[in-house]
Amino acid sequence: MTRRLEELFDLPSSVPKEEEDASIPATQFALQEINTAIDKIDEALPAVRGLDASDKEMDDLAAKAQETFDNLMDLGFNVDSRYASEIFAVAGAMLGHALTAKTAKLNKKLKMVELQMKKVKLDREIQGDEPTATAHGQVLNRNDLLEMIKSNRDQKDNKA
């Protein structure tokens, strides 16, 4: 039972006074430990390096695979037809590797955006903030809206 209900119904406290006094410092200590852990995590995040390097590596791998694909396709057209099928198969595999590298890069970026959105959401929940307005609007009645559309159309007609 909460303290407010106990006060509202004039009931005796369900938690002895000694435990109640001891729980406040314990809660404050736990909150300090949690804040310390969060600060350690925040300090560690900027120290993570190499995220941009992996993007460059994925781009390099994709470029090499595409270049190899082009070279193999040229070679496949210039050799005897009985050997060309194997060369074209390898060229197709190279193109698949290029596609895989690009897809991995895109998936990593999407995952980072998703994690950033989750972090913002958690920060807002912790702070108890109201959602921020992302757009501004007007309340219009139907006639005002039609008048605005008509005036825009008239302006375009006058310019033409």
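Residue by residue, here is whether (1) under 38 Å from the mean Cα position of the chain (by Cα); (2) at positive phi holds:
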{"residue": "ASP70", "(1), (2)": "yes, no"}
{"residue": "TYR83", "(1), (2)": "no, no"}
{"residue": "LEU99", "(1), (2)": "yes, no"}
{"residue": "GLY128", "(1), (2)": "yes, yes"}
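Hey, does region 79-96 have a residue that's surrounded by 12 or more Cβ atoms within 10 Å (Cβ to Cβ) and among the basic types (Lys, Arg)?
Looking for residues that are surrounded by 12 or more Cβ atoms within 10 Å (Cβ to Cβ) and among the basic types (Lys, Arg), one finds none in region 79-96, hence no.
From ALA30, ALA26, ALA65, ALA37, which residue is assigned to a helix (DSSP H, G or I), at pLDDT 70 or above and in the same structural domain as LEU106 (by TED's automatic domain parsing)?
So the residue among ALA30, ALA26, ALA65, ALA37 that is assigned to a helix (DSSP H, G or I), at pLDDT 70 or above and in the same structural domain as LEU106 (by TED's automatic domain parsing) is ALA65.
Taking the stated definitions as given, is ALA91 within 35 Å of the chain's Cα centre (by Cα), at pLDDT 85 or above and not β-branched (Val, Ile, Thr)?
For ALA91, the condition - within 35 Å of the chain's Cα centre (by Cα), at pLDDT 85 or above and not β-branched (Val, Ile, Thr) - is met.
The values are calculated or read from the model by the stated rules, or taken from the named source; none is laboratory data. Note that the structure is predicted; figures quoted are calculated from it, not measured. Counting neighbours? That spans all protein chains shown, and the Cβs are built from the backbone with ideal geometry, glycine included.
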